[in-house]
Amino acid sequence: MQCFTGNHLSPQCLESILETISEGLILIDTDGTIKYCNNAMIEMTGKTKDHIVGEKCCSLMNTICEPPPLCTLFKDTSIINKECTVLHTNGKTVPVLKNAKVLKDQNGTIIGAIETFTDISILRTTENRLAVLENQIKKVDGFGKIVGKSHRMHELYNMIELAAASNTSVLITGETGTGKELVAQSIHENSARSNKPMIKLNCSALPESLLESELFGHAKGSFTGAIKDKTGRFEIADGSTLFLDEIGELSPLIQVKLLRFLQEKEFERVGENITRKSDVRIITATHRDLRKMVADGVFREDLYYRLKVFPLHIPPLRERKEDIGALIDHFIAKFNQETGKTIKGLTHDSAITMMDYCWPGNIRELENAIEHAFVTCKDDLIDLFDLPLEIRKVELRKGICSTGQEADVHPVQYAAQSPEKVTFSFQRKLTDEEFNTLYIECKGNQSEIARRLGVDRTTVWRRINKIKTTSKK
């Protein structure tokens with residue numbers, strides 16, 4: 001086949017080129033009628049050439065468009081990389097990038113247009129897979145602002161997603177310091193109500209009269225000091241989420257009023273007879289055993305079941321110790337930013353001590369321990385003696401972890417009672433010379449050295465081996 005006549009392509013050669021390109025291609029006249037389509041366009045639509053040629057170009061698209069000359073193409077003379085979809089005969093839509101340009105004759109008069117369609121199905125599929133993968137990666141070490149990669153925490157993340165997708169009441173339980181408010185915030189931020197801020201109230205922070213006013217509001221003159229009308233949290237949280245922390249501290253009166261709101265979505269301000277409505281999603285939290293409180297008659301059973309439609313329990317830190325490392329890294333990064341320091345991590349001994357501790361105060365106690373270490377640490381690694389006394393001191397640690405509560409003996413009292421054992425306890429770090437002096441005084445008894453320093457015997461053993469190794473070099 002002869003392709004060139006002088007410097008011009010022959011019609012047969014041009015058609016062969018159009019049939020071999022991978023992009024779908026159509027030629028239309030000024031009425032938008034398709035005059036030509038290539039094989040790629042036939043494959044993209046699932047139609048035959050006879051069904052495509054003679055149809056309007058809009059019939060191929062999954063969108064409603066204006067016919068020529070009102071369509072964008074004939075007004076702007078070109079379309080560049082417009083994302084749209086093409087209809088396939090199997091009922092599915094094919095995502096494409098559309099490019100088009102009008103065709104003109106020698107006099108500059110528009111005689112039609114050429115349009116090309118690039119199939120981007122693979123690109124969209126890849127983007128969707130990447131989005132899923134990114135979401136999974138985010139959950140490796142945490143969920144939103146929650147840090148943790150243990151199996152228990154991943155179960156919690158799944159429950160948070162389920163809670164966020166609903167509008168039901170959620171009861172979050174867990175020990176003090178486990179992050180109940182953070183979980184409530186995550187539920188809200190991933191819910192349909194996230195466009196408004198979550199409203200919070202600690203139920204143990206106020207006496208009954210003030211708590212009632214804070215929740216439901218009050219009318220001017222309803223009690224001494226009510227100099228003007230007050231909007232309560234239920235009204236402020238309209239269309240949003242109300243988080244009530246320490247829900248187990250509610251008085252019987254507030255329990256009754258809260259139950260009525262949960263049942264009817266209605267309430268009255270204190271000192272007012274006007275019934276008001278509010279669209280509020282309730283999330284509550286407590287460290288107390290509400291079921292036992294119900295059995296003891298101090299918490300209403302009907303309110304309990306209204307609150308625990310969707311219960312969430314946050315495991316204590318001692319039951320997910322594999323998260324301690326990630327939490328330490330998180331808090332070190334946080335305090336580095338706040339203080340301007342450049343602490344890199346923990347020494348081996350301090351890391352082991354942190355892992356051995358039972359953390360009755362959970363994440364809040366861990367954060368406080370790292371903050372304490374930032375005050376005392378002078379190097380780029382947090383050492384054992386940078387940690388709070390109750391964490392590194394064996395006797396105190398055993399007393400705390402055996403009862404799950406803070407030790408009865410205050411560190412200062414302990415120091416006063418045991419002066420001979422505190423010589424080195426409050427120092428940040430012993431030099432090798434100081435350690436050797438103590439070693440001689442204790443006649444090499446590693447248990448006695450450990451007692452005086454307030455550390456584990458294994459820590460003493462490692463220090464001795466380290467000094468021996470250094471002396472041999």
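Quick test of your reading of the structure: residue 312 fulfils all but one of (1) touching a residue at least 60 places away in the same chain (Cβ under 8 Å); (2) outside any strand (DSSP E or B); (3) closer than 18 Å to residue 145 by Cα. Name the failing condition by number.
For residue 312, the exception is condition (2).
Consider only pairs whose beta carbons are under 9 Å apart and that are at least six residues apart or on different chains; among these, list those whose first residue lies in the stretch 74-92 and is closer than 26 Å to residue 51 by Cα and basic (Lys, Arg) and whose second residue is at pLDDT below 85 and not in a strand (DSSP E or B).
Pairs that qualify, where the first residue is closer than 26 Å to residue 51 by Cα and basic (Lys, Arg) and the partner is at pLDDT below 85 and not in a strand (DSSP E or B), are 82/72.
Does the stretch 364-378 include one or more residues that are assigned to a helix (DSSP H, G or I) and closer than 30 Å to residue 254 by Cα?
Checking the stretch 364-378: at least one residue is assigned to a helix (DSSP H, G or I) and closer than 30 Å to residue 254 by Cα.
So which of 213, 204, 209, 251 is touching an Asp or Glu at 6+ places or on another chain (Cβ under 8 Å), over 30 Å from residue 143 (Cβ atoms), of a type outside the set (Lys, Arg) and assigned by TED's automatic domain parsing to the domain that holds residue 301? Outline the logic, then answer.
Working: 213 fails: touching an Asp or Glu at 6+ places or on another chain (Cβ under 8 Å); 204 fails: over 30 Å from residue 143 (Cβ atoms); 209 fails: touching an Asp or Glu at 6+ places or on another chain (Cβ under 8 Å).
None of the others qualify; the one that does is 251.
Within 14 Å of residue 453 (Cα to Cα), under 31 Å from the mean Cα position of the chain (by Cα) and either not assigned by TED's automatic domain parsing to the domain that holds residue 324 or not hydrophobic (A, V, I, L, M, F, W, C) (or both) - does that describe any residue in the stretch 353-376?
yes
Results for (1) among the β-branched types (Val, Ile, Thr); (2) at pLDDT 90 or above; (3) not assigned by TED's automatic domain parsing to the domain that holds residue 97, shown as yes or no for each residue.
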residue: 9; (1), (2), (3): no, no, no
residue: 14; (1), (2), (3): no, no, no
residue: 22; (1), (2), (3): no, no, no
residue: 25; (1), (2), (3): no, yes, no
residue: 32; (1), (2), (3): no, no, no
residue: 36; (1), (2), (3): no, yes, no
residue: 45; (1), (2), (3): yes, yes, no
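Residue 314 - would you say it is of a type in the set (A, V, I, L, M) and more than 20 Å from residue 245 (Cα to Cα)? Lay out the reasoning, then the answer.
On the way: of a type in the set (A, V, I, L, M): yes; more than 20 Å from residue 245 (Cα to Cα): no.
So residue 314 does not fit the description; no.
Scan 322, 338 and give me the residue that is in contact (Cβ under 8 Å) with a residue 40 or more places away in the chain and surrounded by fewer than 19 Cβ atoms within 10 Å (Cβ to Cβ). Before the answer, list the steps.
Numbers: 338 fails: in contact (Cβ under 8 Å) with a residue 40 or more places away in the chain.
322 is the lone residue from the list that is in contact (Cβ under 8 Å) with a residue 40 or more places away in the chain and surrounded by fewer than 19 Cβ atoms within 10 Å (Cβ to Cβ).
Look at the stretch 152-180 and say how many of its residues are farther than 14 Å from residue 287 by Cα and in contact (Cβ under 8 Å) with a residue 40 or more places away in the chain.
Restricting attention to the stretch 152-180, the residues satisfying the condition of being farther than 14 Å from residue 287 by Cα are 152-170.
Those still in the list that are in contact (Cβ under 8 Å) with a residue 40 or more places away in the chain too: 152-153, 156, 159-160, 162-163, 166-170.
The number of residues fulfilling the criteria is 12.
Looking at the stretch 90-106, which of the residues that are closer than 18 Å to residue 75 by Cα and of a type outside the set (Lys, Arg) is surrounded by the most Cβ atoms within 10 Å (Cβ to Cβ)? Talk me through it step by step, then tell me what you get.
Filtering the stretch 90-106 down to residues closer than 18 Å to residue 75 by Cα leaves 98-105.
Among the residues that remain, those that are also of a type outside the set (Lys, Arg) are: 99-100, 102-103, 105.
Details: 99: 17, 100: 22, 102: 19, 103: 14, 105: 9.
Among residues in the stretch 90-106 that are closer than 18 Å to residue 75 by Cα and of a type outside the set (Lys, Arg), the one surrounded by the most Cβ atoms within 10 Å (Cβ to Cβ) is 100.
How many of the residues making up the stretch 189-206 are of a type outside the set (A, V, I, L, M, F, W, C) and touching a Lys or Arg at 6+ places or on another chain (Cβ under 8 Å)? Break it down stepwise before answering.
We begin by selecting, within the stretch 189-206, every residue of a type outside the set (A, V, I, L, M, F, W, C); these are 189-191, 193-197, 200, 202, 204.
Narrowing further to those that are touching a Lys or Arg at 6+ places or on another chain (Cβ under 8 Å): 191, 193.
Qualifying residue count, the stretch 189-206: 2.
Within the bounds of the stretch 388-410, is there any residue that is modelled with pLDDT of 90 or more, within 32 Å of the chain's Cα centre (by Cα) and farther than 25 Å from residue 174 by Cβ?
Taking every residue of the stretch 388-410 in turn, none turns out to be modelled with pLDDT of 90 or more, within 32 Å of the chain's Cα centre (by Cα) and farther than 25 Å from residue 174 by Cβ.
Helices (runs of 4 or more DSSP H) wholly in the stretch 145-247 with at least 3 residues that are at pLDDT below 95, over 16 Å from the mean Cα position of the chain (by Cα) and buried (at least 16 other Cβ atoms within 10 Å of the Cβ) - which ones? Before you say what the answer is, go through the steps one by one.
Working: elements: 151-164, 180-189, 208-216, 233-236.
So the answer is 208-216, 233-236.
May I ask you to list the residues in the stretch 261-301 that are surrounded by 13 or more Cβ atoms within 10 Å (Cβ to Cβ) and part of a helix (DSSP H, G or I)?
At the first step, the residues of the stretch 261-301 found to be surrounded by 13 or more Cβ atoms within 10 Å (Cβ to Cβ) are 261-262, 265, 267-272, 276-278, 280-291, 293-294, 298-301.
Passing the criteria: 261, 262, 290, 291, 293, 294, 301.
Filter the stretch 203-243 down to residues that are aliphatic (A, V, I, L, M) and closer than 15 Å to residue 258 by Cβ, then give me how many there are. Talk me through it step by step, then tell me what you get.
First, the residues of the stretch 203-243 that are aliphatic (A, V, I, L, M): 205-206, 210-211, 215, 219, 226-227, 236-237, 242.
Keeping just the survivors that are closer than 15 Å to residue 258 by Cβ gives 206, 211, 215, 237, 242.
Total satisfying the criteria: 5.
Search the stretch 271-309 for residues being polar (S, T, N, Q) and touching a residue at least 24 places away in the same chain (Cβ under 8 Å), and hand back the single one that is farthest from residue 234 (Cα to Cα).
Result: 286.
Can you pull out the residues in the stretch 290-317 that are out of contact with any helix residue (DSSP H, G or I) (no Cβ under 8 Å at 6 or more places or on another chain) and charged (D, E, K, R)?
292, 296
Of these, 430, 453, which one is surrounded by 14 or more Cβ atoms within 10 Å (Cβ to Cβ), modelled with pLDDT of 70 or more, under 19 Å from residue 349 (Cβ atoms) and out of contact with any Gly (no Cβ under 8 Å at 6 or more places or on another chain)? Give the derivation first.
Numbers: 430 fails: modelled with pLDDT of 70 or more.
The unique qualifying residue is 453.
Would the stretch 251-260 turn up any residue that is assigned to a loop (DSSP other than H, G, I, E, B) and buried (at least 17 other Cβ atoms within 10 Å of the Cβ)? Working first, answer last.
In the first step, residues of the stretch 251-260 are kept if they are assigned to a loop (DSSP other than H, G, I, E, B); the result is 251.
Filter once more, so that each one left must be buried (at least 17 other Cβ atoms within 10 Å of the Cβ): none.
No, that holds for no residue.
The values are calculated or read from the model by the stated rules, or taken from the named source; none is laboratory data. The shown structure was predicted, so the numbers you read here are calculated from the model rather than taken from an experiment. Here the Cβ is made from the backbone with ideal geometry for all residues, glycine too, and neighbour counts use every protein chain on show.
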